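Q: Structure provided below as structure tokens; questions to follow.
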Amino acid sequence: MRLLLVEDEHDLGISIHNALICRDYIVDWFEDGQSAWDYLNTVPPRYEIAILDWMLPKLSGLELCKRLRLEKNQLPVMLLTARDSMNDRVTGLDAGADDYLVKPFGMEELLARVRALQRRSPNFQPPQLQVGSLILDYGNFSVVNLDNKNHLQIILTAKEFQLLEYFMKHPQQILTHDQIRARLWDFESDTVSNVVAAQIRLLRRKLLECGFPTAIETIRGFGYRFSV
């Protein structure tokens, strides 16, 4: 799951960012609203949730939320703010926010609210994703081949799971290295040039255990294509 975080308090931003990535979320973190808005309009990734501080430099989180709603973007938004009056809460919710968290807050509460928004997200994932006889299970990060009599569950790492999910949602399509990097790593990530190929190799080993040794085809000069 990919999240947008916009928080200008640097120490708090680091704490939220680290807490989220430790739970295997992919997080793009900006420290002012205008940079986040510009990025959304230049390289529009698919986010599942946005966490926006209300008071931001250049463009407030409240205004950023309003712009999303004016564009009919239904991205679930959580506003973070020290404003705790009833009028402020009403203003934030009327601007289009789905949740409102008052500072200071506990990190476990923020994570619980993220999970709640995740369930309401238009991009919320079903318990399982199936392509052919291959089933990806969101409950335990595993993959199963129904044609395998033993129904052996292969446990995946977070990156293997995210990569296989991306392939299974785009069967028979050629996905480029750049598309895969943009989907699986945040925009500031210092990933090495061969990180995609290395991750593909690891996933292919898991798919071999499932009985799909040729599920991911290399299309030279372009990228990869998935089929089972």
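Q: In the range 108-123, how many residues are exposed (fewer than 13 other Cβ atoms within 10 Å of the Cβ) and either assigned to a loop (DSSP other than H, G, I, E, B) or modelled with pLDDT of 90 or more (or both)?
A: 4
Q: I need the full set of residues from the range 53-86 which are outside any loop (DSSP other than H, G, I, E, B), among the hydrophobic types (A, V, I, L, M, F, W, C) and either in contact with a Leu (Cβ under 8 Å, 6 or more places away or on another chain) or not assigned by TED's automatic domain parsing to the domain that holds residue 31 (or both), in order please.
A: 62, 64, 65, 68, 77, 78, 79, 80
Q: A further question on this structure: Out of (1) of a type in the set (A, V, I, L, M, F, W, C); (2) under 23 Å from residue 73 (Cα atoms); (3) assigned to a helix (DSSP H, G or I), the odd one out for residue 50 is which?
A: Condition not satisfied by residue 50: (3).
Q: Going by the structure shown, is residue 99 farther than 30 Å from residue 164 by Cα and surrounded by fewer than 21 Cβ atoms within 10 Å (Cβ to Cβ)?
A: Against the criterion (farther than 30 Å from residue 164 by Cα and surrounded by fewer than 21 Cβ atoms within 10 Å (Cβ to Cβ)), residue 99 qualifies.
Q: Moving on to the next point. Go through the range 148-163 and give me each residue that's surrounded by 13 or more Cβ atoms within 10 Å (Cβ to Cβ) and either in contact with a Lys or Arg (Cβ under 7 Å, 6 or more places away or on another chain) or not hydrophobic (A, V, I, L, M, F, W, C) (or both).
A: 148, 153, 154, 156, 157, 159, 160, 162
Q: Tell me which residues, restricted to the range 138-165, are at pLDDT 85 or above and aromatic (Phe, Trp, Tyr).
A: 161
Q: Just the residues that are modelled with pLDDT under 90, in contact with a Ser or Thr (Cβ under 9 Å, 6 or more places away or on another chain) and surrounded by fewer than 20 Cβ atoms within 10 Å (Cβ to Cβ), please, taken from the range 55-84.
A: Listed by number, the residues that qualify are 74, 83.
Q: Pairs under 8 Å by beta carbon, first residue within 14 Å of residue 228 (Cα to Cα) and outside the structural domain of residue 132 (by TED's automatic domain parsing) in the range 195-215, partner of a type outside the set (D, E, K, R) and outside any helix (DSSP H, G or I), six or more apart or different chains?
A: none
Q: So which residues in the range 126-170 are touching a residue at least 24 places away in the same chain (Cβ under 8 Å), part of a strand (DSSP E or B) and under 22 Å from residue 3 (Cα atoms)?
A: Result: 129, 136.
Q: Going residue by residue through the range 172-186, is there one that turns out to be touching a helix residue (DSSP H, G or I) at 6+ places or on another chain (Cβ under 7 Å), among the aromatic types (Phe, Trp, Tyr) and within 24 Å of residue 48 (Cβ to Cβ)?
A: Within the range 172-186, not a single residue is touching a helix residue (DSSP H, G or I) at 6+ places or on another chain (Cβ under 7 Å), among the aromatic types (Phe, Trp, Tyr) and within 24 Å of residue 48 (Cβ to Cβ).
Q: Report whether or not residue 105 is on the phi > 0 side of the Ramachandran plot and either free of Cβ contacts under 8 Å to residues at least 40 places away in the same chain or surrounded by 14 or more Cβ atoms within 10 Å (Cβ to Cβ) (or both).
A: no
The values are calculated or read from the model by the stated rules, or taken from the named source; none is laboratory data. Model, not experiment: these values are computed from the prediction. Please note: Cβ atoms are built from the backbone with ideal geometry, for glycine as well, and neighbour counts cover all protein chains shown.
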